[in-house]
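Written out below as structure tokens is the structure these notes cover.
Where a number appears in this text, it was derived from the coordinates with a stated rule and is not lab data. Everything numeric here is computed off the predicted structure, so don't read it as measured data. Positions of Cβ are generated from backbone atoms using ideal geometry, with glycine treated the same way; all protein chains shown enter the neighbour counts.
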Amino acid sequence: MNLRPSSDTIRLIVPALSLASLLAAVFWLQPRAMSYIGLNLLFNLAVPIALATIAQMLIMAVNNLDLSMGAFVSFVACVAATFLYDSPLLGVPILVAAVAAYALLGVVIHLRNLPSIVVTLGMSFIWTGLAVLLLPAPGGHAPEWARWLMTAKPPLMPMAIVASILIALLAHFIVMRSSFGVLVRGVGGNERSVERAGWSALAARAGAYGLAGAFAVAAGIALVGLTTSADANIALRYTLLSIAGVILGGGEFVGGRVSPIGAVIGALTLTLAGSFLSFLRISPDWQIGAQGAILIIVLALRLFLNRIENRERRR
Amino acid sequence: MRFHKTLLASAAILCAAMPFSANAGTSDKRIALSNNYAGNSWRQAMLTSWDKVTGAAVEAGTVAAADAFTTAENQVTEQAAQIQNLILQGYDAIVLNAASPEGLNGAVKEACDAGITVVSFDGIVTEPCAWRIAVDFHEMGRSQIEYLAGRLSDGGNLLEIRGLAGVFVDDEISAGIHDGVEEHSQFKIAGSVHGDWAQDVAQKAVAGILPSLPDIEAVVTQGGDGYGAAQAFAATDREMPIIVMGNRHDELTWWKEQKDANGYETMSVSIAPGVSTLAFWVAQQILDGKDVPKDLTVPFLRIDQDNLEENLENTEAGGVANVEYSQEDALEVIDAAM
């Protein structure tokens, strides 16, 4: 039994600490937030962001980057607010096809060795175009069950917290504990050695993309459950938010080093940072800059800890 | 214009109304403005008006606070988060210029459930629990024809300058104009171009269509295009028609020049950015316990021959004519909707 924390735990410490200190600051600024309803209001918009962040994390686990995340979540939101509400029999196949399209994207990127950034950037225009076709003007209705799910009031903990914990645990199980997860991270770490060991890197990448599509679909539905209607541009911010969430949560752009629990914490931190700045009454002109400053501070902290980690290892 | 008063006059009425207007009920109430965008002169004027009027109201003790919040990016998810933050901050009312008519309904519902009064204006929301102060664009179009019918009893050919194709506002104003023409059958729309609410686009479009048109008696517009139309007409040897203006500074300036030079007569109509202050007073009245219908209509700011100078003086170069509303104006709007 080794009492020294593992490097994975150290990786989680920074995001967890930044979330805790931000939360403490928010509670201090606005004691009203320290309640069941308050926590729900603070965090419920973080649920779709957390799902999108997990999706982005899966793609980053295989050393790729998805620049179409926001557009895809918007598209799913539009499908959820129209077809999934009017005729689920048509809506479900569309969403399944969208997930399949994601898996296919993984296959194409792998086989043709294409840069994922370019392919997904192109796809983002396709998703946005489809979303505009579906909903030229904002509208639609959230499916009853999605609305019920997002506004449910479980005992003890608000839905936003329950959902975040469930998402984190599910993603942790898939990515860190299942053999599929090991394979995906292996592809990110060293693709060639995975193939030499007799595994199919193609299947792993397609699986990672497909799973990312599934999480992104969940993000879109959760978002519509919260907003009650959709808009073709509703989630455009999610592309950058999801990337920032993964990095904030201890993930890396390359090497298959990702942390699902960290990613969820990262998403919550990003959401909270916005509320924190708003409670501070910082002028909107400065808010984006301040949000960036928070990101840089957290990343600097992590770099600092990484250095300590490396020094320990060298010893 | 029934609602248009100089600031001095409205301030005087406000002071006069103060002793018996029931402001005791709202002196501890806090109102927040949730705004999705501040990137053009109209929105800037809207925020300045809000600060000016609510600042005075807070000082007078009518309300405890009236803070303005603008989202950093014009995004639905961000404004929804902003509204949720405002709920947490314990505001009693949220005055809202929404990024999307539908996308904020979830957040607005949460605010209503928390017992908060939500008043949306300009960019309104469809959630039934919120109040809406909407612009009657249809009537804005129709009133132009009404004015022209008073000026030109014989009627004649009209040139219609439309806005940006595919935008709901453009469709509404145009529908109003066409309904007006149907009512007053002496008029005929001889041609129609898209001016995109911009002077340069309007000038090019009008210059392009003019050679193919018969004599034009009047030009009906949507605002932001009157000056361009005038320039296009001035470049030909045609007689200057009656061009309905849209309260922009360049339009009013040109009108003033023409009025001084040859007694040119027209009118100008648009929505004043100060409508945010109307929403503020409506929210204050609702908090005060007044029974207010959920759907209200913004009065237009109409400028006529006799109050042109005064309005031009109050309009910033490059801006739009503005008016700040008083509690009295809000009561009048509420009563009109009853």
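A few remarks follow.
- Volume per residue of the convex hull around the Cα atoms, evaluated for the protein assembly as shown, comes out as 189 Å³.
- Burial order of peptide ranges A:245-257, A:23-35 (average beta-carbon count within 10 Å, highest first): A:245-257, A:23-35
- Within the stretch A:226-247: backbone nitrogen closer than 17 Å to the A:Val162 label point (7 Å, Cα to C-beta): A:226
- Cut-off under 5 Å, modelled amide H: who pairs with B:Val95 long-range: B:Ala32, B:Leu33, B:Ser34, B:Val119
- The length gained on full extension between A:Val254 and A:Leu202, counted as 0.36 nm times the residue separation minus their Cα-Cα distance, comes to 17.0 nm.
- Scaling against 2.2 N^0.38 Å puts the C-alpha radius of gyration of the stretch B:175-321 at 1.22.
- Estimated distance in nm for a label pair at A:Arg192 and A:Ile117, the labels positioned 7 Å out from Cα along Cα-to-Cβ: 2.3
- Proximal lysines relative to A:Lys153, as straight alpha-carbon distance under 19 Å, when same-chain residues fewer than 8 apart are discounted: B:Lys109
- With the simple spin-label model, which puts each label point 7 Å out from Cα in the Cβ direction, the A:Ala97 to A:Arg281 separation comes to 5.3 nm.
- Estimated dipole of the stretch B:101-146 in Debye, rounded to 20 [Cβ of Lys and Arg +1, of Asp and Glu -1, Cα centre]: 40
- Using a Förster distance of 41 Å, the FRET efficiency for A:Ala300-A:Arg32 (Cβ separation, nearest 0.05): 0.80
- A full extension of the chain between B:Ala336 and B:Ser27 corresponds to an added length of 108.6 nm, given 0.36 nm per residue minus the alpha carbon distance.
- The Cβ shell under 9 Å around A:Ala137 holds other residues with a net charge of -2, Lys and Arg each +1, Asp and Glu each -1.
- B:Leu213 versus B:Ala65: modelled label distance in nm, points set 7 Å from Cα along the beta carbon direction: 5.3
- Net length available on complete extension from B:Ser185 to B:Val169 is 3.3 nm, with 0.36 nm assigned per residue and the Cα-Cα distance removed.
- Under 14 Å, Cβ to Cβ, from A:Val194 - net charge with Lys/Arg +1 and Asp/Glu -1: +2
- From phi via Karplus (6.51, -1.76, 1.60), per-residue ³J(HN,Hα) for the stretch A:211-222 in Hz, x at Gly/Pro: 5, 4, x, 5, 5, 5, 4, 4, 4, x, 5, 4
- Expressed as a whole percent, the proportion of Cα-Cα pairs in the stretch A:177-315 lying more than 21 Å apart is 57%.
- Counting only alpha carbon atoms, the long axis of helix B:249-262 and the longest principal axis of chain B meet at about 40°.
- The residues neighbouring B:Gly106, those whose beta-carbon lies less than 13 Å from its own, together hold a net charge of -3 under the Lys/Arg +1, Asp/Glu -1 convention.
- Between the stretch B:96-135 and the stretch B:239-274, the Cα center-to-center distance that results, in Å: 35
- For chain B, the longest principal axis of the alpha carbon atoms and the long axis of helix B:41-59 meet at an angle near 40°.
- Peptide A:233-241, shielding by other chains (average Cβ, 10 Å cutoff): 3
- Computed over chain B, relative contact order equals 18 percent, with contacts defined as Cα pairs under 8 Å that lie 6+ residues apart.
- Residue-averaged beta-carbon neighbours from other chains (10 angstrom radius) around A:35-44: 3
- Nonlocal amide H pairs with A:Leu67, under 5 Å, H built at 1.01 Å: A:Thr120, A:Leu121
- If R0 equals 35 Å, the separation of the Cβ atoms of B:Glu265 and B:Ala198 corresponds to a calculated FRET efficiency of about 0.90.
- Shielding score for A:213-226, defined as the mean number of other chain Cβ atoms within 10 Å: 1
- Most to least packed among A:56-65, A:291-300, A:136-145, A:206-215 [average Cβ atoms within 10 Å]: A:56-65, A:206-215, A:136-145, A:291-300
- Cα gyration tensor category, rounded, prolate or oblate, for chain A with a/c compared to 1.5: oblate
- Cβ-Cβ FRET estimate between A:Ile288 and B:Ser153, R0 fixed at 60 Å, reported to 0.05: 0.55
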